[in-house]
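First up is the structure itself, then whatever we jot down about it.
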Amino acid sequence: MSANDLPALDELATAQAWAEEGRKVAIATVVETWGSAPRPVGAHLVIDHDGHFEGSVSGGCVEGEVVAEAIEVIASGKPKMLEFGVADETAWRVGLSCGGRIRVHVTPLD
Amino acid sequence: MKLDNLRILNAERARRRAAILLTELDSGAERVIGEGDRERGELGEALAGAMRSGKSGVVELGGRQYFLNVHVPPPRIVAIGAVHISQALAPIARTAGYDLEIIDPRTAFATQERFAGTTLHAEWPELVLRQRPLDRYTALAALTHDPKIDDAPLVAALKTGCFYVGALGSRKTHGRRRERLLAAGLGEAEINRIAAPIGLDIAAATPGEIAVAIMAQIIAAFRRRAVAAGPEAERAALP
């Protein structure tokens, strides 16, 4: 591998490649964390309109919900802020088992 | 996010240059800030601080929320010399999360048997560095004691602005090295950037201890570097 290449599993490189193939893409980014959170601020999950995804914003706890929201964001063209945590009402359905809280920004790639 | 901005960001990352994606969270307006870009005011200070620390986060300024996503190239170490100290340094660097590669044209030293699992180039440094150039997120440690092998990569590292440049050898050895580098056209200030004798002064004696001292010095240089201030300030800030 050349030092000037991005690694094979690079979410942002994937997002660019997908968009250049003509797929509709959204990028989800962890923008804030409180308590113990599995992925650091800046971590990405990239999603296409069919629900394919790469990367992660948690340890797999909330990815399903983020993918569903991202498909809506792709359809509406409007960015959205999501919050997940055990204190939320959604915790029964999707929450972080580690007890932390995260804020995830989802934006369409256009 | 605009595809054009993603392309710019990915190009900077592929070139191993630091960049920040600045997003105003309410409006979604965004910009890519490169290493050399200076911004004014409080936002500029926040950007410079983030570039230095490598930490992403939300900042609130004038009632607006900005998200600064900092992309810093992963630090790597290039060790010149497949010597005993490099054998000890390889697993320590891995533990600390630094990529390490070793260059040594002496094929008796640079063997897979001595360096299992480590990237090894049994070639002259000039040749390898032409293919895989040094950059500001690379530390160079010259460990062969042999000017024929060490000097050229030392010069390359100083000219590139590697965040760390260290060279093994006693004060006397380094004195002679200083004279050679002066003769090669380097300035006093550039030569003073070389950490020599190499490693933090912990009275290290064995190869393992010296490797720990080198690693600690590299970590200190990386965490204290002044990226956003540009190469001149960065040079002044380094030991």
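Note on residue A:78: lysines with a C-alpha under 30 Å away, same-chain residues under 8 apart excluded, are A:24, B:2, B:55. Modelled spin labels at residue B:146 and residue B:96, positioned 7 Å past Cα toward Cβ, are 2.6 nm from each other. One Cα centroid belongs to segment B:152-230, the other to segment B:115-135; the line between them spans 19 Å. As a calculated quantity, the FRET efficiency between residue B:116 and residue B:39 at R0 = 56 Å, using C-beta atoms, amounts to about 0.75.
Using alpha-carbon pairs under 8 Å, 6+ residues apart, how would you state the relative contact order of segment B:76-237 in percent? Once divided by the residue count of segment B:76-237, the mean separation gives 21 percent. If the segment from residue B:29 to residue B:106 were pulled out straight at 0.36 nm per residue, it would be longer than the present Cα-Cα gap by 22.3 nm. For segment B:34-180, the calculated P(r) over all alpha carbon pairs, in 5 Å bins from 0 to the bin holding the longest distance, is 2, 9, 17, 17, 15, 11, 9, 8, 6, 4, 2, 1, 0 percent.
Spacing of the modelled spin labels on residue B:184 and residue B:58, each 7 Å from Cα toward Cβ, amounts to 5.0 nm.
Local charge sum around residue B:115 (other residues, Cβ-Cβ under 15 Å, Lys/Arg +1, Asp/Glu -1)?
-2
Across segment B:57-65, computed HN-Hα scalar couplings (Karplus, 6.51 cos²θ - 1.76 cosθ + 1.60, θ = phi - 60°) run x, 9, 10, 10, 9, x, x, 10, 9 Hz from first to last residue, x flagging Gly and Pro.
Each residue of segment B:188-197 was assigned a 3J(HN,Hα) from its phi angle through the Karplus expression (A = 6.51, B = -1.76, C = 1.60, θ = phi - 60°), giving 3, 4, 5, 5, 5, 6, 6, 7, 8, x Hz with x at Gly and Pro.
For residue B:37, the amide hydrogen comes within under 5 Å of no other amide hydrogen, counting only partners 5 or more places away or on other chains and with H modelled in the peptide plane. Where a Cα-Cα gap under 25 Å defines reach, which lysines qualify for residue B:159, not counting those fewer than 8 residues away within the same chain? In chain and number order, the partners are B:148, B:172.
Per-residue ellipticity at 222 nm computed for chain B from its helices equals -13000 deg cm²/dmol, with DSSP H segments shorter than 4 residues left out and the rest contributing -39,500 (n - 2.57).
Placing dummy labels 7 Å off each Cα toward the beta-carbon, the span from residue A:23 to residue B:223 is 3.9 nm.
Given H placed on each backbone N at 1.01 Å, which residues far from residue A:25 in sequence or on other chains put an amide H within less than 5 Å of it? Counting only residues 5 or more places away or on other chains, the set is A:109.
Only Cα pairs under 8 Å and 6+ residues apart enter the sum, and on that basis the relative contact order of segment B:66-159 stands at 33 percent.
Note on residue A:49 and residue B:15: with the Förster distance fixed at 30 Å, the Cβ-Cβ geometry gives a FRET efficiency of about 0.45.
No value in this document is a laboratory result; all are computed from the given coordinates. Being a predicted model, the structure only gives us computed values, none of them experimental. Cβ sites come from the backbone with ideal geometry, for glycine too, and all protein chains shown count toward neighbours.
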